[in-house]
Amino acid sequence: MKKNNLEKISEISLHYTPKYSMDGTTKIAGSRQVYELMKQAYDENCISHHEQFWIVLLNTANKVLGISRIGQGCINSVAVDVRIIFQYALKANGIGGILVHNHPSKELTPSSDDKDFTRRVTESGRLLNIKILDHIIVTPSNGYFSFCDEGML
């Protein structure tokens, strides 16, 4: 390739900068802990009005590397590209992740779309050796639903 052709090609850069030492980072031991963490992340108005999808990324000791909002939708759905989830996981060098989204309807039961999506993400994670540990549905006032706690993951 000629050198002048290289000037027309974009450079790809992957960047993840932890803000804190892992010593003081939250270690996840169960779904209740994730629910409590995510209650802090959700804006009070948002959780009641439109769906958002988040990923909580973990290291090998189940310590939180970070959380990221992957998508924001409308009243009863949010479009999420599986590839985006794993872009974040790979950038952060995460070995595990917990999927989280809200139901503004306050309905805790996962929809068939929720179940299908969880299966697709879990299968994709296996290919990359990134384990999806749980998928948690949160509501504004009715608590949460954990796929793992209910034996669905």
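Take the Cβ atoms of K39 and E150, set R0 to 22 Å, and the FRET efficiency comes out at 0.65.
The residues Y88, Y42, sorted by heavy-atom accessible surface at 1.4 Å with ligands and nucleic acids left out, run Y88, Y42 from largest to smallest. Comparing L90, L57, L127 in a Gaussian network model of the chain where C-alpha atoms under 10 Å apart are linked, the largest mean-square fluctuation is found at L127. Adding -39500 (n - 2.57) for every DSSP H run of four residues or longer, then dividing by how many residues the chain holds, sets the calculated 222 nm ellipticity at -9000 deg cm²/dmol. Within the accessible surface of the range 10-153, defined with a 1.4 Å probe on protein heavy atoms only, the carbon and sulfur portion equals 48 percent.
Entry note, the chain: relative contact order of 22 percent, from Cα contacts under 8 Å with a spacing of 6+ residues. If we count GluC sites (Glu not before Pro) as exposed when they sit in a DSSP loop and have at most 16 other beta carbons within 10 Å, what is the longest stretch of the chain that avoids them all? With a cap of 16 other Cβ atoms within 10 Å, the longest stretch comes to 12-106. Here are a few candidate values for Rg/Rh (Cα atoms, Kirkwood Rh): [x] 0.96; [y] 1.04; [z] 1.12. Which one was actually calculated from the structure I just gave you? Computed from these coordinates, Rg/Rh (Cα atoms, Kirkwood Rh) corresponds to label [y]. Accessible surface of K91, taken over heavy atoms with a 1.4 Å probe and every protein chain present, rounds to 90 Å². Peptides 137-147, 108-118 ranked from most to least packed give 137-147, 108-118, packing being the mean of other C-beta atoms within 10 angstrom over each peptide's residues. A 1.4 Å probe run over the protein chains yields, for the chain, 62 Å² of accessible area per residue, whole-number rounding. Which shape class applies to the range 71-153: rounded if a/c is under 1.5, otherwise prolate when a/b exceeds b/c and oblate if not, where a ≥ b ≥ c are the square roots of the Cα gyration tensor eigenvalues? In terms of gyration-tensor shape, prolate. Exceedance of the 24 Å cut-off in Cα-Cα distance is limited, within the set K27/K91; K106/K131; K63/K106; K27/K115; K39/K106, to K106/K131; K63/K106; K27/K115.
The values are calculated or read from the model by the stated rules, or taken from the named source; none is laboratory data. Source: prediction; values computed, not measured. FYI the Cβ positions are ideal-geometry reconstructions off the backbone, even for glycines, and counts take in every protein chain you see. Calculation scope for accessible area: heavy atoms of the full protein, side chains included, ligands and nucleic acids excluded. Shrake-Rupley method; radii C 1.70, N 1.55, O 1.52, S 1.80 Å.
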